[in-house]
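Scroll down for the structure; my scribbles are underneath it.
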Amino acid sequence: MSLRIPQALTTAIVSIALTQPALAHEQAGVAGGLVSGLLHPITGIDHLIAMVAVGIWGAQLGAPAIWILPITFPLVMAVGGVLGVLHVPLPMPEVMIAVSAVILGVAVAARLRLPFAAAAVVVAIFAIFHGHAHGAELPRAANALAYGVGFVTATGLLHLCGIAIGTLTRWPAGERIIQGLGAGIAGIGCYFLAQGIGAFA
Amino acid sequence: MKLKSARALMSAAMVLAGANAAEAHIVAARLGDFYMGAVHPLTDLGDVVLWTATGMLAGTLGGAKARWLIPVFPLGLLVGLSLGNVFSATSAQLADATMMLAIGMLLAAAAQVPTLLLCAIAFAVAVIRGAANGADLGPETDRLLFAAGLAGVGYGAITLTMALTAVFRRTHSDSATSWRAIAVRALGGWIAAIGLMMASLTLAS
């Protein structure tokens, strides 16, 4: 008799656990949907640190970089994504991604003040390589719109995180913290660079 | 006795967990297709992104230009709905992606779009999305009720988005570099990037 309660409880739990929402649209539950697009840019540490570094550097550079980069960065990265999806080859993509982390990390650590046009070109080149890597790794079954929304939103939010961190430059102590972060990003970039050129093989 | 109360409790919990709300309204009285038309576009990312982008573009251009969309947009939805299944899945996706890219670029560039071009863009978006909504209709759906729901929600959504954008963007200096203007332009850049990604993925697959 006492066995009936656990049985009933199990039945109740199983019946509730097995209920599923009705999905009337194709954007949910597909390989490479919204969640997949959101997670893709934040699951590779080399991509993640470079995206954040771009935001921090933009904040350090101030106007107009701080407001032009959020507008153009996801778009330039999407151009790279298109090249990746269409399998247009780029030279040494993994090495370039690691180099981007090193250079952007050094730029943040050294408070490098390039003219805006030069900084924009550097960031655009790296954005194309990062976008290319994401596009090339994309699952073919991906829902185009859902994946695109997730991917661009995650990229933009990472960039905004960098800008938010970069606002610490208003305080002397915050500037030191940011320079330390830049050095850390450059260090991690060096690790990936060594990996990319086969130093650990 | 204790066992009985536990079982009764369990039964009550299961009954409550599986309970449905009583349907005392006209949804159950053959007007459900009106609500289906009103809710359907709000659950589709294509509609959400494109309607928002169109409303934002009009909102940034000011009330004098934006108010033309109040009749134009619902009318375009009705025209698109009447066309039905004229677009294949791939061409519909490409059309969506192209419109996202175009509207996103205009937003990001803070372009001063003429009224006629704005109306043409909004009408094109509405026709494309109206046809996409119409493609999902079953033979048993009352098309008139569905169209009324779709046009109603189109009117409400576009008007609300335009108004919210106009209010959000309004600043004392009205400077192109105010953070509100930059936020709207940045969102435009994101929408254009989504369109570009979508177009390439559609072409690749």
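When the square roots of the Cα gyration tensor eigenvalues are ordered a ≥ b ≥ c, the ratio a/c for the protein assembly as shown is 1.5 or more and a/b does not exceed b/c, which makes its shape oblate. Each residue, B:ALA111 and B:ALA17, gets one label point 7 Å from its Cα in the Cβ direction; the gap between the two is 5.5 nm.
Are there any helices in chain B, counted as whole DSSP H runs, that stretch 24 Å or more along their axis by Cα and score at least 0.0 on average by Kyte-Doolittle, and if so which? Long hydrophobic helices here: B:89-108, B:115-135, B:143-169, B:179-204. Residue ranking by accessible heavy-atom surface, 1.4 Å probe, largest first, among A:ARG113, B:ARG7 comes out as A:ARG113, B:ARG7. Gain on full extension, evaluated as 0.36 nm per residue between A:ILE177 and A:MET92 minus their Cα-Cα distance, stands at 27.4 nm. Taken residue by residue and averaged, Cβ atoms of other chains lying within 10 Å of the Cβ of A:149-156 number 5. Taking the alpha-carbon centroid of each part, what is the distance from the stretch A:98-151 to the stretch B:124-171 in angstrom? Answer, in whole Å: 36. Remark: the stretch A:117-131, residue by residue, has Karplus-estimated 3J(HN,Hα) of 4, 5, 4, 5, 5, 4, 5, 5, 4, 5, 4, 5, 5, 5, x Hz, where x stands for each Gly or Pro and the curve is 6.51 cos²θ - 1.76 cosθ + 1.60 at θ = phi - 60°. Ranked by the mean number of other Cβ atoms within 10 Å of their residues, highest first, the peptides B:185-191, B:64-70 come out as B:185-191, B:64-70. For peptide B:108-114, the mean count of partner chain Cβ atoms within 10 Å of a residue's Cβ comes to 1. The magnitude of the dipole of the protein assembly as shown, with charges of +1 and -1 set on the Cβ of Lys/Arg and Asp/Glu and taken from the Cα centre, is near 940 debye. For B:ARG67 and A:LEU9, what does the FRET efficiency come to when R0 = 60 Å and r is the distance between their Cβ atoms, rounded to the nearest 0.05? My answer for the efficiency is 0.50.
For the residues of B:154-164, the average number of beta carbons from a partner chain within 10 Å of their own beta carbon is 0. Work out the charge dipole of chain B with +1 on the Cβ of Lys and Arg and -1 on the Cβ of Asp and Glu about the Cα centre, then indicate which of B:ALA102, B:PRO114, B:LEU160 is farthest towards its positive end. After comparing all options, I get B:LEU160. Per-residue Karplus couplings for the stretch A:102-112, computed as 6.51 cos²θ - 1.76 cosθ + 1.60 with θ equal to phi - 60°, are listed in order as 5, 5, 5, x, 5, 4, 5, 5, 8, 6, 5 Hz, Gly and Pro entered as x.
Modelled label positions at B:THR43 and B:LEU164, each set 7 Å beyond Cα in the direction of Cβ, lie 2.0 nm from each other. Using the beta-carbon distance between B:SER88 and B:ARG7 and R0 = 56 Å, what value does 1/(1 + (r/R0)^6) give for FRET efficiency, to the nearest 0.05? It comes to 0.50.
The values are calculated or read from the model by the stated rules, or taken from the named source; none is laboratory data. It should be emphasised that the depicted structure is a prediction, and the values quoted were computed from it without experimental measurement. Please note: Cβ atoms are built from the backbone with ideal geometry, for glycine as well, and neighbour counts cover all protein chains shown. SASA here: full protein model, heavy atoms, side chains in, ligands and nucleic acids out. Shrake-Rupley method; radii C 1.70, N 1.55, O 1.52, S 1.80 Å.
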